[in-house]
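Novice: The structure that follows is given in the form of structure tokens.
Since every read-out is calculated from the coordinates, none of them should be taken as a lab result. Keep in mind the model is a prediction, meaning the values are calculated, not measured. With ideal geometry, Cβ positions are generated from the backbone for all residues, glycine too; neighbour counts draw on all protein chains shown.
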Amino acid sequence: MFRITAHSADDDHVLKLEGCLDVGCVQELHACWREASRIPGRRVRVDLTDVCHVDDAGVELLMVMYRAGTRFDTKGCFMRELVREISEAIDGGQAAGAPGVTAASRS
């Protein structure tokens, strides 16, 4: 199962993801993200705190999102490491303090 819930928080348009981000859901997420990106005056933030698995297609989409300035909320070792690897691959090791990588405030 995969679910996307959209809501606004402060100046961000948040896409909260739940479940497994795999090839079967990438198109749906990409469409939601493109739509959210068109909202003037709002940044897009993707909440990955309830994502349990990401396949290669999901990683590819997260990389596209990261390059476009999308911010990610993470929780747990797996997702934090995945986002760190994405930021290093794109930013060349400049992940520490990178604006697109945030840790969720809850644990």
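Novice: Exposure proxy check: SER87, SER8 ranked by fewest other beta carbons within 10 Å? Don't skip to the answer; put the middle values down first.
Specialist: Numbers: SER87 21, SER8 11.
Result, fewest neighbours first: SER8, SER87.
Novice: Also, quick follow-up: Could you work out the helix-only [θ] at 222 nm for the chain, with each DSSP H run of four or more residues adding -39,500 (n - 2.57) and the total divided by the number of residues, to the nearest 500 deg cm²/dmol? Show your work: numbers first, answer last.
Specialist: Details: 3 runs with 39 residues, N = 107.
After summing the helix terms and dividing by residue count, I get -11500 deg cm²/dmol.
Novice: I would also like to ask the following. Any idea which of SER37, CYS25, LEU48 is furthest toward the positive side of the dipole for the stretch 1-75, if Lys and Arg beta-carbons carry +1 and Asp and Glu beta-carbons -1?
Specialist: SER37
Novice: Let me ask you something else. Could you line up CYS77, CYS32, CYS52, CYS20 from fewest to most neighbouring Cβ atoms inside 10 Å? The partial results should precede the final answer.
Specialist: Numbers: CYS77 8, CYS32 18, CYS52 11, CYS20 15.
Ascending Cβ contact count within 10 Å gives the list CYS77, CYS52, CYS20, CYS32.
Novice: Quick one: what are the phi-derived ³J(HN,Hα) couplings along the stretch 68-75, Karplus 6.51/-1.76/1.60 with θ = phi - 60°, whole Hz, x for glycine and proline?
Specialist: 7, x, 5, 9, 10, 9, 10, 8
Novice: Relative contact order for the chain: what is it in percent, counting Cα pairs under 8 Å that are at least 6 residues apart? Before the final figure, lay out each step's value.
Specialist: Working: 170 pairs, mean separation 24.7, N = 107.
After rounding, I find 23 percent.
Novice: Suppose R0 equals 25 Å; then what is the FRET efficiency for ARG84 and VAL64 from their Cβ-Cβ distance, rounded to the nearest 0.05?
Specialist: Working: r = 17 Å, r/R0 = 0.69.
That gives a FRET efficiency of 0.90.
Novice: Also: Considering only the other residues whose Cβ falls under 10 Å of the Cβ of ASP22, what net charge follows from Lys and Arg at +1 and Asp and Glu at -1? Don't skip to the answer; put the middle values down first.
Specialist: Numbers: positive: none; negative: ASP55, ASP56.
Net local charge, ASP22 excluded: -2.
Novice: Taking the beta-carbon count within 10 Å as an exposure proxy, list HIS13, HIS30, HIS7 from fewest neighbours to most.
Specialist: In order of increasing Cβ crowding within 10 Å: HIS7, HIS30, HIS13.
Novice: How much length, in nm to one decimal, is gained on full extension between ALA6 and ASP55, taken as 0.36 nm per residue of separation minus their Cα-Cα distance?
Specialist: Once the chain is fully extended between ALA6 and ASP55, it gains 15.4 nm.
Novice: Also, I was wondering about something else. Find out how many positive minus negative residues lie around GLU81, taking Lys and Arg as positive, Asp and Glu as negative, among other residues whose Cβ is under 14 Å from that of GLU81. Provide the component values of the computation, followed by the final result.
Specialist: Details: positive: LYS75, ARG80, ARG84; negative: GLU85, GLU88.
For residues surrounding GLU81, the net value is +1.
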